[in-house]
Amino acid sequence: MGYEWAKDLVHIPFGWVNLEGEKLSTRKGKVVLLEDLLETTIKRTLEIINEKNPGLVGKEEIAKEVGV
């Protein structure tokens, strides 16, 4: 790769990834961007906090920590 840090990279193989019943495929352009995934998990975590403990102080930061 030409970068010093490249020697530290490790490939972690995993099985199929399904989203909403559909197999993801980078070759076919069916991907989920990490940024979108993180935004979604943080948003959903905040929704759960608001349902269960709406008066919690610092809930946005907590949602970010838990969602990530």
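The values are calculated or read from the model by the stated rules, or taken from the named source; none is laboratory data. Everything numeric in this text was worked out from a predicted model, so none of it was measured. Heads up, the Cβs are rebuilt from the backbone with ideal geometry, glycines too, and the neighbour counts pull from every protein chain shown.
Taking the criterion of being in a helix (DSSP H, G or I) and either surrounded by fewer than 12 Cβ atoms within 10 Å (Cβ to Cβ) or at pLDDT below 95 (or both), the residues of the stretch 47-59 that qualify are Glu47, Glu51, Lys52. Looking at the stretch 1-30, which of the residues that are within 30 Å of Ala63 (Cβ to Cβ) and basic (Lys, Arg) is surrounded by the most Cβ atoms within 10 Å (Cβ to Cβ)? Of everything passing the filter in the stretch 1-30, Lys30 is surrounded by the most Cβ atoms within 10 Å (Cβ to Cβ). Would a scan of the stretch 31-46 turn up a residue that is surrounded by fewer than 12 Cβ atoms within 10 Å (Cβ to Cβ) and in a loop (DSSP other than H, G, I, E, B)? Yes, there is a match, as at least one residue in the stretch 31-46 is surrounded by fewer than 12 Cβ atoms within 10 Å (Cβ to Cβ) and in a loop (DSSP other than H, G, I, E, B).
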